[in-house]
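Notes follow once the structure below has been shown.
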Amino acid sequence: MARIGVFVCHCGENIGRTVDCARVAGEIGKLPGVVHSVDYKYMCSDPGQALIKQAIAEKGLTGVVVSACSPHMHERTFRRAAGGAGLNPFLCEMANIREHCSWIHEDREAATDKAIDLARVIVEKVKRNVPLETIRIPVEKRALVIGGGIAGIQAALDLADGGAEVVLVEKEPSIGGHMSQLSETFPTLDCSQCILTPRMVEVYQHPRIRLMAYCEVDAVEGYIGNFKVTIRQKARSVDETKCNGCGACQKACVVKNVPSEFDERLGKRTAIYVPFPQAVPNIPVIDREHCAYFKGRARGMKKDACGKCKEACARGAIDFAQEDRFVTEKVGAIVVATGYELYSIGKDQPAAGLKGYGEYGYGTVPDVIDGLQFERLASASGPTAGKLLRPSDGKVPKKIVFLQCVGSRDPAKGIDYCSKVCCMYVAKHTMLYRHKVHDGEATVFYMDVRAAGKGYDEFTRRAVEEDGAVYVRGRVSRVYRDGDVVKVLGFDTLNGTPVEIDADMVVLATAMRPRKGIEKLAQTLSVSYDRHGFINEAHPKLRPVETNTAGVFVAGACQAPRDIPDSVAMASAAAAKVLGLFSNEMLEREPTVARVDAALCAGCFHCERVCPYGAVEHKEVRDRKGNLLKVVADVNPGVCQGCGTCQATCPSKSVELMGFTDEQIYAEVNALAL
Amino acid sequence: MRTHGTDAPAHGPLSLRAEMKERTGKNTARCYQCGKCSAGCPMAGETRLRPHDVMRLVNQDARARLLADESIWLCLTCETCTERCPNGCDPARTMDALREMALEASPGSPPRALLAFHRAFLDQVRWTGRSFELGLVADYKLRTGALLQDVATAPGLVARGKLGFVPHPIDGVKEVRRIFEACEEATRAASGKKEGA
């Protein structure tokens, strides 16, 4: 027979003003199974908690109901008190008569009646509560960082320096990301490579970092503290253990005119290549699409069409037969830092709803380029060795027009957000240009200059005041080629006059978008993303680097447009969160998870299909001889988040959420109805 | 850059901005078009170009449009704009420099009445060391022939003692005249040098 104790709290005046707490305690005390019912001014205070402990000890209570505030507020407090008195904490529940009753009603009589109802409902539930044990799961103290840009590099280094083992996975042949392409960085104009490459080398040499470049995450299983990650090692066609990065293969390669991705197609590379001289790891990759050997194979030639690189390699590292390999890693936490790509200005759009800018001539007018291409033109390591020369005829451009907000803040083109970094890098571009071409004219078309950041506004003002950039407020309507010049038609909204400029070159500050394929990765990781593909943080203010999946964190521009300082700060924050997680030997989880009754389960696996967390697994049921009887569903308590969707879906009622069983819910409803 | 209609061909990159820096010692590029100057300008309701427009056009090298516009002559040089500018720009001094440039480019360019008023005012200062209102009015009316303009306001001004009948020259009138002469001499020398070169 149940022996329930009920404790009604006044919460000072909060409840007591509207609810007659003494009457609630009196009425509830008459219910069958309730052996103790009292009211008190502040139940969460020390004397209040002492009342509960004392009653448990003296009256041998089998369940406790605290009629007070929201369980969000004090469930832990009261469960701890109950646990302190020797009662299983999950036999203690709260009836919310504050947020759900006293705060929202005025009629004292009716509110008191409602409070009695609310308490009665929980009493009936608690009568059917069973003791539950907190789930303890071990933590694998290794972290996976996805993406080797500045955010991923920072996260990996912070984690490794903090004592954690790190697996850093990078899709491209080298780490470094977009930052390695930049010439100089705002707001200090320090050389991007100079501050980045030492960090890249540090990653490579760190004893606790396993760098996996030219790899992709293929599958993720498991849950916080215990993820199993399958990583695809794409075939480099070069044996990493033999190659010493001498570069002889690249010199020997006969294919020399492949547009370089690193140089944003403004330069050329060979078919066997490292993206840039400072690449980490400094091991080449054969681009099979362009390689003469593989092209010959694809055409069905029996004789090898080429093999110059293999002949040139003194160490026998070239391996044409290499295939993709799969590696499995066990990790306890994952940091997603996949970064961004530029919005496509031309016709090819990666997603429905996005439109290009035909009116800006990108792709048809050679002297219309995007921001990253300008970075390569201005970079000492770029295709022009740092000389600013326009792509069409290699002349020094005397007039450059910069267009801000190309894609950004343009709902008609499919992007309504501000890309945040363009105002700053355009100001930087005007400076770099004027530093290289002293008599050059830099004109910027802008809608607003958004330069919020330490030293940022000063930086944009410097572009205007010291380096003579002319800012014209307004969007450009059309850019087209007119003989030797690029015509720019715009409007100066401050003067109210149309503007027409004969430019030598036009640079488009295109919007930042999440990387292609981010949706697939997010689905693999069970994290949510917004309609643009940016990974959603768990809370925009209070949990900015966590995702809604426990153990998966986010850093850098895959979450929203971010500049370098923001990305680095986020990466360090994510690393701190992971290290905090790793400081526990075991993780404690609420035991309110789903459990399957194997005897009842028919193995239809509806539950598996509806589970948002992938917590449902298959379990074989065998007889004593080992014959397979049936395959049933089984819930992994580490993954289950206790949402109850499976319970609502199961046709045979064989899966139940602990602490919220059908029996308990029906009892609550009946308590109201009867 | 070419703006439709009013602008002259460019004089090389940003030449007006550079010339203004030479004339006023101030960097007009510091202007970020907040409009505080125009917000305080007593003539903002009367002129086509307000102080912030003038600053912007200087930065855009719109020399011809600026020098041809009457607005620079309607400026009262009260200097409220300069006083209030958050960025240490000097719209009043810029306006002054533009007037100088307009006169140098073509002495007949200012509107006749406005030039007459400026001349009449300077004459008063030259002869009395200060502004003598009645003399100013008489001088202006003789220069423009607008004899009956605003006559109706005279009795009221006289009654409130705003219109004295006798000038009160300051003690240092001679020194003031010497300043005028020195300025004229310097201007002659400068123009002679220009012609010589």
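The values are calculated or read from the model by the stated rules, or taken from the named source; none is laboratory data. No experiment lies behind these values; they were computed from the predicted model shown. FYI the Cβ positions are ideal-geometry reconstructions off the backbone, even for glycines, and counts take in every protein chain you see.
Conditions tested, residue by residue: (1) of a type in the set (A, V, I, L, M, F, W, C); (2) within 25 Å of the chain's Cα centre (by Cα); (3) in a loop (DSSP other than H, G, I, E, B).
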| position | (1), (2), (3) |
| --- | --- |
| A:614 | no, yes, yes |
| A:626 | no, no, yes |
| A:632 | yes, no, no |
| A:639 | yes, yes, yes |
| A:648 | yes, no, no |
| A:659 | no, no, yes |
| A:667 | yes, no, no |
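Within region A:420-432, the residues that satisfy the criterion of being touching a Ser or Thr at 6+ places or on another chain (Cβ under 7 Å) and within 14 Å of chain B (Cβ to nearest Cβ) are A:423, A:427.
Where strands (runs of 3 or more DSSP E) sit wholly within region A:433-494, those with at least 2 residues that are away from every other protein chain (no Cβ under 14 Å) occupy A:476-482. Name the single residue that is surrounded by the fewest Cβ atoms within 10 Å (Cβ to Cβ) among those in region A:187-197 being assigned to a helix (DSSP H, G or I) and in contact with a helix residue (DSSP H, G or I) (Cβ under 8 Å, 6 or more places away or on another chain). Filtering region A:187-197 for residues that are assigned to a helix (DSSP H, G or I) and in contact with a helix residue (DSSP H, G or I) (Cβ under 8 Å, 6 or more places away or on another chain), the one surrounded by the fewest Cβ atoms within 10 Å (Cβ to Cβ) comes out as A:197.
When the residues of region A:493-542 are filtered to those that are of a type in the set (Val, Ile, Thr) and closer than 21 Å to residue A:442 by Cα, the one that is surrounded by the fewest Cβ atoms within 10 Å (Cβ to Cβ) is A:493. Within region B:124-170, restricting attention to residues that are charged (D, E, K, R) and touching a residue at least 12 places away in the same chain (Cβ under 8 Å), the residue that is surrounded by the fewest Cβ atoms within 10 Å (Cβ to Cβ) is B:162. The residue that is surrounded by the fewest Cβ atoms within 10 Å (Cβ to Cβ), counting only those in region B:28-62 that are more than 9 Å from chain A (Cβ to nearest Cβ) and of a type in the set (Gly, Ala, Ser), is B:45. Would you check if there is a residue in region A:24-35 being touching a residue at least 12 places away in the same chain (Cβ under 8 Å) and in a strand (DSSP E or B)? So far as region A:24-35 goes, yes, one or more of its residues are touching a residue at least 12 places away in the same chain (Cβ under 8 Å) and in a strand (DSSP E or B). Among the residues of region A:465-479, at least one is closer than 23 Å to residue B:62 by Cα, free of Cβ contacts under 8 Å to residues at least 24 places away in the same chain and not assigned by TED's automatic domain parsing to the domain that holds residue A:564.
Residue under question is residue A:338, and the condition is that it be of a type in the set (S, T, N, Q), surrounded by 19 or more Cβ atoms within 10 Å (Cβ to Cβ), under 37 Å from the mean Cα position of the chain (by Cα) and closer than 27 Å to residue A:512 by Cβ; does it hold? Yes; evaluated as a whole, the condition is true for this residue.
Residues that are in contact with a Ser or Thr (Cβ under 6 Å, 6 or more places away or on another chain), surrounded by fewer than 23 Cβ atoms within 10 Å (Cβ to Cβ), within 14 Å of chain B (Cβ to nearest Cβ) and under 24 Å from residue A:357 (Cα atoms) are absent from region A:399-415 altogether. Taking residue A:116, is it in contact (Cβ under 8 Å) with a residue 60 or more places away in the chain and either exposed (fewer than 14 other Cβ atoms within 10 Å of the Cβ) or part of a helix (DSSP H, G or I) (or both)? Yes; evaluated as a whole, the condition is true for this residue. Can you say whether residue B:65 is under 18 Å from residue A:470 (Cβ atoms), among the basic types (Lys, Arg) and within 14 Å of chain A (Cβ to nearest Cβ), as far as the supplied structure shows? Yes: the conditions hold for residue B:65. Within the option set A:94, A:43, being in contact with a Cys (Cβ under 8 Å, 6 or more places away or on another chain) and within 19 Å of residue A:660 (Cβ to Cβ) holds for one residue only, A:94. Just one of the listed residues (A:531, A:513) is touching a residue at least 40 places away in the same chain (Cβ under 8 Å), farther than 27 Å from residue A:140 by Cβ, more than 14 Å from every other protein chain (Cβ to nearest Cβ) and more than 11 Å from the chain's Cα centre (by Cα), namely A:513.
Where strands (runs of 3 or more DSSP E) fall entirely within region A:132-186, those with at least 1 residues that are touching a residue at least 60 places away in the same chain (Cβ under 8 Å), surrounded by fewer than 22 Cβ atoms within 10 Å (Cβ to Cβ) and of a type outside the set (A, V, I, L, M) are at A:135-138, A:142-146.
Of the set (1) at pLDDT below 95; (2) in contact with a helix residue (DSSP H, G or I) (Cβ under 9 Å, 6 or more places away or on another chain); (3) closer than 23 Å to residue A:493 by Cβ, all apply to residue B:64 but (2).
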